[in-house]
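Undergrad: A single structure is presented below for examination.
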Amino acid sequence: MKHGNHNQPTPLDGIIYVTPPDNYVLRGRDGMVELAWHDKPRIPLMEDDFAALSAGDVPDYDMVGRGIYQALRLDPDCVGAAAYAAVLKEAYPHIISELGGQIIMLEAREVDTPYLDRKINYLKIMALLDPDNAGLPLEIARTYVEKGSRLSSMQHAVSSWYAAEAQLKRSLKLDPDNHLAAYEYGEALYILGRYEQAAEIWRGLITLLEPADRARLEARIAGILAGKIPMVPPLDYLTALSVAVEQHHGGFSGDAAAIINDVLSDPVFAEQFPMKEVYYLLGTCYQDSGQMSEAAEAFKRS
């Protein structure tokens, strides 16, 4: 058994890649699984499993399953991910079942950023298993949007919103008639500052909406055409807010308050993206700076 960087596998913490013999066959489940490894990528093994192999040994069924599952959980975009997912689908139904249970568990609870990252990775694995399911990239996009919109994880706004836009585009490619996905795609484009593209997407949805929703969307489109848009792309404001959070955590509450006020001074952004937690942070910054009346006013709006 060899290991190294042949075919440049993705480096992952706790994973060692091995190259099985040319005649290696994955066997398990009392003879129900017999899968030739020919033309498949190198096998990812957990470090403990690799250490348990003696010279000349090949990894057994359980070792391969653990290694593949861990590699995909760490990075579902890793080199060979589609092939690894195909092995899970063919040979490890119990892992697929566990994966579905993990997603259900995460959807049923209020989660913080690490859990959102875990949910994204699990959903990406499911998308590898079911690449024609348009609902999976849509749900991945929504999770990225949640991550990129939370004040507590605003430092990830740029990567999260661009990732959401890519996943929404993929979902619409699989199901062009999903008007909910199309609306959310337009919203992502708007956040990225691609206003005319957002308006074009939304114009195609007008006739599909209920009157109240149609009126709101028509107002958004009219605002774009009239130039009533944020002074800078909303993503830039989200990035500025992430700096404010960092300044506040560093003890520079006055600087943080100044940044927040600059963001809120854009009336279009403040109206279109009301975030009560931003006003709460502003109130906290004022409180830390001894500006109690300003703090009280900010807290009222939170």
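Any read-out appearing in this document is the output of simple, stated calculations on the displayed coordinates, not a laboratory observation. Not measured: the values here are computed from a predicted model. A quick note on method: Cβ atoms are made from the backbone with ideal geometry, for glycine too, and the neighbour counts reach across all protein chains shown.
Undergrad: Once the convex hull of the C-alpha atoms of segment 1-132 is built, how many Å³ does it hold per residue, rounded to a whole number? Kindly include the intermediate steps, with their values, before the conclusion.
TA: On the way: hull volume 15.7 nm³, N = 132.
Enclosed volume per residue, from the Cα hull, is 119 Å³.
Undergrad: Of all the C-alpha pairs in segment 127-179, what % are more than 19 Å from each other? Don't jump to the answer; show the numbers that get you there.
TA: Numbers: 390 of 1378 pairs.
The answer is 28 percent, as a whole percent.
Undergrad: Report, in cubic angstrom per residue, the convex hull volume of the C-alpha atoms of segment 113-242. Please report the intermediate quantities before stating the final value.
TA: Details: hull volume 12.9 nm³, N = 130.
Convex hull volume per residue, Cα atoms: 100 Å³.
Undergrad: Could you give me D for segment 58-162, from Stokes-Einstein at 4 °C and 1.567 mPa s, where the hydrodynamic radius is the Kirkwood radius over C-alpha pairs? Units µm² s⁻¹, please. It would help to have the intermediate numbers written out before the result.
TA: Details: Rh = 14.4 Å.
Translational D for this selection: 90 µm²/s.
Undergrad: How big is the shadow of the Cα convex hull of segment 163-214, averaged over all directions, in nm²?
TA: On the way: hull surface 13.7 nm².
Its average projected convex-hull area is 3.4 nm².
Undergrad: In bins 10 Å wide, starting from 0, what share of all Cα pairs of the chain does each bin hold, as a percent?
TA: Going from the shortest bin to the longest, the percentages are 6, 21, 24, 21, 15, 9, 3, 0.
Undergrad: Below 8 Å between Cα atoms, with a sequence gap of 6+, how large is the relative contact order for the chain in percent? Could the numbers behind the result be given before it?
TA: Values: 382 pairs, mean separation 27.8, N = 302.
Computed over the chain, the figure is 9 percent.
Undergrad: Let me know the charge dipole size of the chain about its Cα centre in debye, to the nearest 20, where only the beta-carbon of Lys, Arg (+1) and Asp, Glu (-1) is charged.
TA: On the way: 27 positive and 43 negative charges, 83 e Å.
The calculation lands at about 400 debye.
Undergrad: Another question, if that's okay. Using alpha carbon centroids, what distance separates segment 150-187 and segment 194-224, in Å?
TA: Comparing the Cα centres of segment 150-187 and segment 194-224, I get a distance of 17 Å.
Undergrad: For a Förster distance of 35 Å, can you work out the FRET efficiency between the beta-carbons of Ser159 and Met32, rounded to the nearest 0.05? The partial results should precede the final answer.
TA: On the way: r = 41 Å, r/R0 = 1.18.
Calculated value: 0.25.
Undergrad: Set the bar at 21 Å for Cα to Cα. Now go through Lys147/Lys228; Lys276/Lys300; Lys89/Lys173; Lys147/Lys276 and name every pair that lies beyond it. Kindly include the intermediate steps, with their values, before the conclusion.
TA: Values: Lys147/Lys228 27 Å; Lys276/Lys300 10 Å; Lys89/Lys173 24 Å; Lys147/Lys276 16 Å.
Going by Cα-Cα distance, Lys147/Lys228; Lys89/Lys173 fall outside the 21 Å limit.
Undergrad: Let me ask another. I want to verify the translational diffusion coefficient of segment 41-102 in µm²/s; compute it with Stokes-Einstein, Rh as the Kirkwood radius over Cα pairs, at 4 °C and 1.567 mPa s. Provide the component values of the computation, followed by the final result.
TA: Numbers: Rh = 12.1 Å.
This corresponds to a translational diffusion coefficient of 107 µm²/s.
Undergrad: Mind jotting down a quarter of the surface of the convex hull over the alpha carbons of segment 217-302, in square nanometres, one decimal?
TA: 5.6 nm²
Undergrad: In segment 72-147, what trypsin sites (Lys or Arg not before Pro) fall in a loop by DSSP, with at most 14 other Cβ atoms inside 10 Å?
TA: Values: sites: Arg73, Lys89, Arg109, Arg118, Lys119, Lys124, Arg142, Lys147; in loops: Arg109.
Here the sparse-neighbourhood loop sites are Arg109.
Undergrad: Now for a separate question. Per DSSP H run of n ≥ 4, the term is -39500 (n - 2.57); total these for the chain, divide by its residue number, and report the mean residue ellipticity at 222 nm rounded to 500 deg cm²/dmol. Let's see the in-between values first.
TA: Details: 15 runs with 189 residues, N = 302.
Taking each H run of at least 4 residues, the total per residue is -19500 deg cm²/dmol.
Undergrad: Would you mind telling me which residue in Leu238, Leu282, Leu35 has the biggest mean-square fluctuation in a Gaussian network model of the chain, where springs connect alpha carbons within a distance under 10 angstrom?
TA: Leu35
Undergrad: Which order results if Phe269, Phe252 are arranged by neighbouring Cβ count within 10 Å, fewest first?
TA: Arranged by neighbour count, lowest to highest, Phe269, Phe252 become Phe252, Phe269.
Undergrad: Contour minus end-to-end for Arg203 and Val232, with contour as 0.36 nm per residue of separation and end-to-end as the Cα-Cα distance? Present the calculation step by step, with values, prior to reporting the outcome.
TA: Values: separation 29, 0.36 × 29 = 10.44 nm, distance 2.28 nm.
So the chain would gain 8.2 nm between Arg203 and Val232.
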